[in-house]
Amino acid sequence: MLAAAHDSGAAVALLGGGTDLVPALRSGERVAGVVVALRRVLELRVRGAGADSLTIGAGATYTDLAGWSLSPGLARAARVVGSVQIRNTGTVGGALGSARPAGDLLTFLTAADAEVLTASPRGLDRQPLPRFLADGLAPDALVTAVRLARPGGPQVYLKIGDRQAAYPAVVSCAVLVDRVRHRLTCAIGGVGLLPARMGDAERYARDEVDWSTGTVSPTAARRFGDLVVEAAARITPALPAGPRGSAEYRWHAAGVLAGRAFARCLHVTAPPAGVPGGPAGDSAVGGQP
Amino acid sequence: MTAVAPDGFAAGPTGTGETAGTDGEATGTDGGATGAGGGANGGDGGEAGVGGGETGADGNESYRLNVDGFLRTVNGARLGDSLLTVLRDTLGVTAVKDACEQGRCGACSVLLDGRLAASCTVLAADADGTRVVTVAGLGGAGLARAVRAMFLAEGAVQCGFCTPGFVVAVTDLLTRHPDADEEEIREALAGNICRCTGYGRILAAVRAVQAERSLLRSGDAHSSGQTQRPPDGGPDGG
Ligand SMILES: Cc1cc2nc3c(=O)[nH]c(=O)nc-3n(C[C@H](O)[C@H](O)[C@H](O)COP(=O)(O)OP(=O)(O)OC[C@H]3O[C@@H](n4cnc5c(N)ncnc54)[C@H](O)[C@@H]3O)c2cc1C
Ligand code: FES
Ligand code: FES
């Protein structure tokens, strides 16, 4: 039917919860001749758990995810989205469709090496999140679900920004530890046009962490944060500087959040020599499973 | 109340939940709603709906909304209209307030099948088949009555513009979470903005409702042993 709607030549808009689309239709920012409402497609609301992976239907809301014990990190990221009203309404499919630079779910899923499952008249498809974001969605396709590995260790999600209930984050950070594969992944949102992985910092962590115990030296978090600042400054294309933070501020915030998330994920061997400096009064929220 | 919709997102009393848009004067795109791309759908439950509105100047829609227990027919709304716009401008329901139209202030809060939502972020046509409850439909007794009374008693109403949204949000909170502590109350009300009171009095009103309710509950324990019935049929706790 989506294909039929598309063939009719009208501007087609997929509707999840509407938290982005409906205000945009109202303001005229978006125009749609046909709206395909997905909320009642029950299949899209399914959440499933396989032996190694978790699958989350595109129609799942943040509220649906917020209490999900199988992925405490994801649940935490969902709990710090917007307000009750937004969490009850906004969906996973909408988060992927809107692809905000510091979208909470997008940042978390970027760190989690998530895959995006899509459906179109050509059949079902799945692709890594970065490729999905780079290629964009075909006009006659929709996101049906995302798939990610079951958590293999602590996961921390932190963000910083203005009034959370009203505005998405300025900078967001996800750090995921996989104790089995001796891997730590880190994604930063709000610096580039899309969340980005911090390769150098991840490699540093791989070599620095004592994987038998999950411990790191007291200075490691600082170094990890510094590597993230360096990587953030190299991200292209960069998000244009806006009223909500200069580029330098966002790089700095990325480093602070990453260092903090890193320290929360791992055991520090001895008390740190000095308290790592963070900007006073930041509104970061986070949590550990 | 005619509303007997099952919990959550299943089809409500006004239809089978198959289309979000036109029933009568469809433009040909909504027939049967077989689902986009085949793969995702094909099940029995809900189906994707196309509001097959015309792009022309007045691509009008006709559908029904269950507002505060009454079935209302919506004629002449545009496909892209929000629930807020249709409630106020088409149906004359002024119990929802219109302030930011961006989901940021909560003045337009309603319960949709028992879930708190900002009606300016909801497509009206997509609310066909759900129970829409505004502050006016919360009922004159029980929790909603207590919330209203305490807002007045504690001076939590000044200009009053935010009040309908707050009363809906507070009723929702205390239904789900009667013993919420201060931090939980603040978090739950973060989607509602008040420019007059500074929130202290609103918080005090919520605390006062909790105090009254817990007294009531301990008093009730003898007679019926029943917990307070939520006014809206009870949102789930997920
Ligand atoms: C006040 C407010 C606060 C917010 N706070 C946050 C925040 O803290 N963090 C955050 O990350 N976001 C935030 N958001 C953004 C928004 O809520 C999220 O991006 C949300 O996930 C969008 O989901 P939705 O279902 O409402 O999307 P919709 O508005 O329904 O759709 C958004 C886009 O995705 C497309 N789409 C929808 N479903 C699909 C699908 N299945 N397949 C393909 N495309 C699809 C639509 O066509 C549209 O282009 C906020 C928004 C508001 C209004
Ligand atoms: S008018 Fe809907 S949230 Fe402000
Ligand atoms: S009483 Fe005036 S905005 Fe709240």
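The values are calculated or read from the model by the stated rules, or taken from the named source; none is laboratory data. Here the structure is a predicted model, which is why all the values come from computation and not from measurement. With ideal geometry, Cβ positions are generated from the backbone for all residues, glycine too; neighbour counts draw on all protein chains shown.
What the table below lists for this structure:
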item: Test: residue in the range A:159-167 that is more than 14 Å from chain B (Cβ to nearest Cβ), small (Gly, Ala, Ser) and within 14 Å of ligand 1 (Cβ to nearest atom); result: no
item: Top-ranked residue in the range B:127-142 [being within 13 Å of the chain's Cα centre (by Cα) and in a helix (DSSP H, G or I); ranked as surrounded by the fewest Cβ atoms within 10 Å (Cβ to Cβ)]; result: B:ALA136
item: Hey, A:PRO154 exposed (fewer than 14 other Cβ atoms within 10 Å of the Cβ), touching a residue at least 12 places away in the same chain (Cβ under 8 Å) and more than 15 Å from A:ARG47 (Cβ to Cβ) or not; result: no
item: Residue that is over 22 Å from A:LEU137 (Cβ atoms), part of a loop (DSSP other than H, G, I, E, B) and near ligand 1 (Cβ under 8 Å from one of its atoms), where the choices are A:GLY17, A:GLY82, A:GLY59; result: A:GLY82
item: Within the range B:90-109, considering residues that are more than 9 Å from ligand 2 (Cβ to nearest atom) and farther than 23 Å from A:ARG30 by Cβ, the one surrounded by the fewest Cβ atoms within 10 Å (Cβ to Cβ); result: B:GLY92
item: Residue satisfying all of: in the range B:148-163; part of a loop (DSSP other than H, G, I, E, B) and crowded, with 19+ Cβ neighbours inside 10 Å; nearest to ligand 2 (Cβ to nearest atom) among these; result: B:CYS162
item: Odd one out for A:GLY255 among (1) in a helix (DSSP H, G or I); (2) within 18 Å of A:GLN155 (Cβ to Cβ); (3) of a type in the set (Gly, Ala, Ser); result: (2)
item: Flag if B:THR171 is within 16 Å of ligand 1 (Cβ to nearest atom) and of a type outside the set (D, E, K, R); result: no
item: Of all residues in the range A:157-212 being closer than 18 Å to A:PHE224 by Cα and among the β-branched types (Val, Ile, Thr), the one that is surrounded by the fewest Cβ atoms within 10 Å (Cβ to Cβ); result: A:THR185
item: Among the candidates B:ARG145, B:ARG115, residue that is within 16 Å of B:LEU174 (Cα to Cα), within 9 Å of chain A (Cβ to nearest Cβ) and either more than 15 Å from ligand 3 (Cβ to nearest atom) or over 11 Å from the mean Cα position of the chain (by Cα) (or both); result: B:ARG115
item: Residues of the range B:164-177 that turn out to be more than 19 Å from B:ALA107 (Cα to Cα) and assigned to a helix (DSSP H, G or I), as a count; result: 2
item: Filter result for B:ARG88 (within 11 Å of chain A (Cβ to nearest Cβ), more than 16 Å from ligand 3 (Cβ to nearest atom), under 21 Å from B:TYR63 (Cβ atoms) and of a type in the set (Lys, Arg)); result: no
item: Index of the failed condition, A:SER53 passing every other in (1) within 7 Å of chain B (Cβ to nearest Cβ); (2) surrounded by fewer than 22 Cβ atoms within 10 Å (Cβ to Cβ); (3) among the polar types (S, T, N, Q); result: (1)
item: Members of the range A:215-245 found to be part of a loop (DSSP other than H, G, I, E, B) and modelled with pLDDT of 90 or more, listed by number; result: A:SER217, A:THR219, A:ILE235
item: Test for A:LEU2: is it facing chain B (nearest Cβ under 7 Å) and at pLDDT 95 or above; result: no
item: Scope the range B:164-195; condition surrounded by fewer than 15 Cβ atoms within 10 Å (Cβ to Cβ) and either aliphatic (A, V, I, L, M) or in contact (Cβ under 8 Å) with a residue 12 or more places away in the chain (or both); matching residues; result: B:ASP179, B:GLU182, B:ARG186, B:ARG195
item: Restricting the range B:186-208 to residues that are over 10 Å from B:ALA169 (Cβ atoms), in a loop (DSSP other than H, G, I, E, B) and within 14 Å of chain A (Cβ to nearest Cβ), the residue that is farthest from ligand 3 (Cβ to nearest atom); result: B:TYR199
item: Selection from the range A:60-86 of residues that are surrounded by 24 or more Cβ atoms within 10 Å (Cβ to Cβ), within 12 Å of chain B (Cβ to nearest Cβ) and touching an Asp or Glu at 6+ places or on another chain (Cβ under 8 Å); result: A:ALA78, A:VAL81, A:VAL84
